[in-house]
Amino acid sequence: MPRLGILGGGQLAKMTAQAASTLDVEVVIFAQRDDEPALKVTPYAVIGAWDDEAKLAAFAQQCEVATLESEFVDVAILRRLEALGVRVVPSPDTVEQIQDKYDQKRRMQSAGVEVPRFRKVSVATDVLDAAAEFGFPLMLKARRNGYDGYGNALIQRAHDIAPALEKFQGRELMVEAVVPFLRELAIIIARGADGDIRDYPVVETIQRNGICHVVRCPAPTDEASALAAIEMGKRAVEAIDGVGVFGVEMFELPGNEVVFNEVAPRPHNSGHYTIEGTITSQFENHVRAVLGWPLGDVAQIAPATVMINILGERSGDPNPDALREALATGGVHFHLYGKREVRPGRKMGHVTVLGYSVDGAEKVARLALSRLQL
Ligand SMILES: Nc1ncnc2c1ncn2[C@@H]1O[C@H](COP(=O)(O)OP(=O)(O)OP(=O)(O)O)[C@@H](O)[C@H]1O
Ligand SMILES: [Mg+2]
């Protein structure tokens, strides 16, 4: 059996390692700290900085193939791993094409994927120029390292420009026209090394303060929009020659139009529902694709599945008794990631409920969540 390396030790690495384990694939985690969630589920680990040459070599020695849980890794490190004899999937080229949101949008645009109007900006007059062309509101985005909305600032009027630029001082920036979406859609696409491509169900995602909060499967949209979303998802992954599992985020507009937001080269929060909600989870398909194995069936198990993130609501130690009462709620799959510290908005875990209707499943998931005081 090959041993799979994962750069990163967060919840995505943890759930990937859990899926790998069911196929008896051993996983080695390269974590930057010794308290990361994924370290709890595998005995094989390297702990240190990814750019520490000795640590990287120790990691490379323990795995034949490696993947990542975050696109914000220096591609030079991925290429260094390849030089050390490790196959890296998705490829450094794929990661490089998307880790800058501006380059990513240009790539997608040239592949014929509909994107919001966007442009590079650095000073206030650039933003004013964009406003003259696109109109307000605008979304200012840090081009790199943005996640859970932390790299974004909404600009509703000229007055908001200076504070928004101030917030991202020293970072490369872009602005986008704010898309007046009906709803946000997402899709998980799995693509094998042989080009075999599988589309998971199209879901609706609901964000709270820019953070994914609720995922409803299937999205309550009509067939034409769902088909457009599937086409866009596949095209986006093919445009970057992606191998592995990818999360593609989109906006749905009236008239069955979908507009691309972003693609992540890894299992994605909008796909956590697949652990119980589809025959093969996104994590298992990621492992299969990365190892060059055949992909699994992506069909839904129940007519409806709802996932809700357990987001931190305060700062401090997690409440060790939080689960007890919530566990009494029947029909709920609980996932606690095992993060040592709670922070407001931090993803601490999630719950998933399968049912006959999305509304029914969501009611049960919300009930479980209301009983879970982390
Ligand atoms: N151009 C836009 N028009 C309308 N809403 C937007 C736009 N860009 C971003 N948003 C809103 O902000 C959220 C977060 O934006 P984006 O996906 O760019 O950030 P992120 O930090 O990379 O996200 P995450 O890590 O949560 O996926 C989106 O899901 C959407 O709700
Ligand atoms: Mg996003």
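Just so you know, all these numbers are worked out from the coordinates, no wet-lab data involved. In this text the structure is predicted, and so the values were computed from the model without any measurement. Please note: Cβ atoms are built from the backbone with ideal geometry, for glycine as well, and neighbour counts cover all protein chains shown.
May I ask you to list the trypsin sites (Lys or Arg not before Pro) in region 15-110 that are in a DSSP loop and have at most 11 other Cβ atoms within 10 Å of their Cβ? Intermediate results must be reported in sequence, preceding the final value.
On the way: sites: R33, K40, K55, R79, R80, R87, K101, K105, R106, R107; in loops: R33.
The qualifying sites are R33.
May I ask for the net charge around G360, where only other residues with Cβ less than 14 Å from the Cβ of G360 are counted and Lys, Arg are +1 while Asp, Glu are -1? Show your work: numbers first, answer last.
On the way: positive: R216, K363, R366; negative: D359, E362.
Value of the local net charge: +1.
Dipole of the chain, Cα-centred, from +1 at each Lys and Arg C-beta and -1 at each Asp and Glu C-beta, to the nearest 20 debye? Intermediate results must be reported in sequence, preceding the final value.
Numbers: 40 positive and 50 negative charges, 139 e Å.
Charge dipole of the chain: 660 debye, to the nearest 20.
Can you bin every Cα-Cα distance in region 92-182 into 5 Å intervals starting at zero and give me the percent of pairs per bin, rounded to whole numbers?
Pair shares across the bins are 3, 14, 25, 25, 19, 10, 4, 1, 0.
Which of the aspartates and glutamates could be linked to K40 by a straight reach, that is with a Cα gap under 20 Å, when you skip same-chain ones fewer than 8 residues away?
Of all the aspartates and glutamates, those that pass the test against K40 - Cα under 20 Å, at least 8 places apart if same chain - are D24, E26, E69, E284, D317, D321, E341.
Going by Cα centres, region 305-352 and region 72-150 are how many Å apart?
31 Å
Under 5 Å between amide hydrogens, which residues at least 5 positions from T278 or on another chain qualify, with H placed 1.01 Å from N in the peptide plane?
For T278, the qualifying residues are I301.
I'd like the Karplus ³J(HN,Hα) series for region 89-106: coefficients 6.51, -1.76, 1.60, θ = phi - 60°, whole numbers in Hz, and an x wherever there's a Gly or Pro.
Taking θ as phi minus 60°, the curve returns 9, x, 5, x, 5, 4, 5, 4, 6, 10, 6, 9, 4, 5, 4, 4, 5, 5 Hz for region 89-106.
Cross-link partners among aspartates and glutamates for K363, C-alpha distance below 18 Å, same-chain residues fewer than 8 apart left out?
Filter leaves E204, E276, E325.
At F72 and F136, where each label point lies 7 Å from the Cα along Cα→Cβ, what is the point-to-point distance in nanometres?
Spacing of the two 7 Å Cα→Cβ label points: 2.9 nm.
For the chain, state what percent of all Cα-Cα pairs lands in each successive 20 Å bin, counting from 0 Å until the bin that includes the largest distance.
28, 60, 12
Write out the GluC sites (Glu not before Pro) in region 235-341 meeting two conditions: DSSP loop, and at most 16 other Cβ atoms within 10 Å of their Cβ. If you can, show how the numbers build up before the last one.
On the way: sites: E238, E249, E252, E257, E262, E276, E284, E313, E325, E341; in loops: E313, E341.
Here the GluC sites (Glu not before Pro) that fit, given the DSSP loop and packing criteria, are E313, E341.
Got a sec? Charge dipole of region 117-177, +1 on Cβ for Lys and Arg, -1 for Asp and Glu; which of A164, A142, V175 is way out at the positive end?
Checking the options against the dipole of region 117-177, the answer is A142.
Using only the Cα atoms of region 1-153, what do you get for the radius of gyration and for Dmax, in Å?
In order Rg, Dmax, the Cα atoms of region 1-153 give 18.8, 58 Å.
Among H335, H268, what is the fewest-to-most ranking by other Cβ atoms within 10 Å? Spell out each step's value before the answer.
On the way: H335 20, H268 25.
Ordered from fewest to most neighbouring Cβ atoms within 10 Å, H335, H268 come out as H335, H268.
Please give me, ordered by residue number, the trypsin sites (Lys or Arg not before Pro) of region 328-374 that lie in loop per DSSP and have at most 10 other Cβ atoms within 10 Å.
Numbers: sites: K339, R340, R346, K347, K363, R366, R371; in loops: K339, R340, R346, R371.
Of the trypsin sites (Lys or Arg not before Pro), the ones in loops of region 328-374 whose Cβ has at most 10 other Cβ atoms within 10 Å are R340.
Take R143, R3 and order them by how many other Cβ atoms sit within 10 Å, fewest up front. Before the final figure, lay out each step's value.
On the way: R143 20, R3 16.
Listed from fewest to most nearby Cβ atoms, that is R3, R143.
Once the Cα gyration tensor of region 183-370 is found, what semi-axes does its equivalent ellipsoid get, as square roots of 5 times the eigenvalues, in whole Å, sorted largest first?
Working: eigenvalues 152, 69, 52 Å².
So the equivalent ellipsoid measures 28, 19, 16 Å along its semi-axes.
Name the residues whose placed amide hydrogens come within less than 5 Å of the amide hydrogen of G10, ignoring near sequence neighbours (fewer than 5 apart) on the same chain.
Those qualifying (amide H under 5 Å, at least 5 residues apart or on another chain) are A38.
Are any of the pairs K120/K347; K105/K347; K101/K347; K167/K339; K120/K167 more than 19 Å apart by Cα-Cα distance, and if so, which?
On the way: K120/K347 30 Å; K105/K347 27 Å; K101/K347 23 Å; K167/K339 27 Å; K120/K167 17 Å.
Correct reply: K120/K347; K105/K347; K101/K347; K167/K339.
Restricting the calculation to Cα positions, tell me the Rg (one decimal) and the Dmax (whole number) of region 3-88 in Å.
Values for region 3-88 (Cα only, Rg and Dmax): 11.4, 32 Å.
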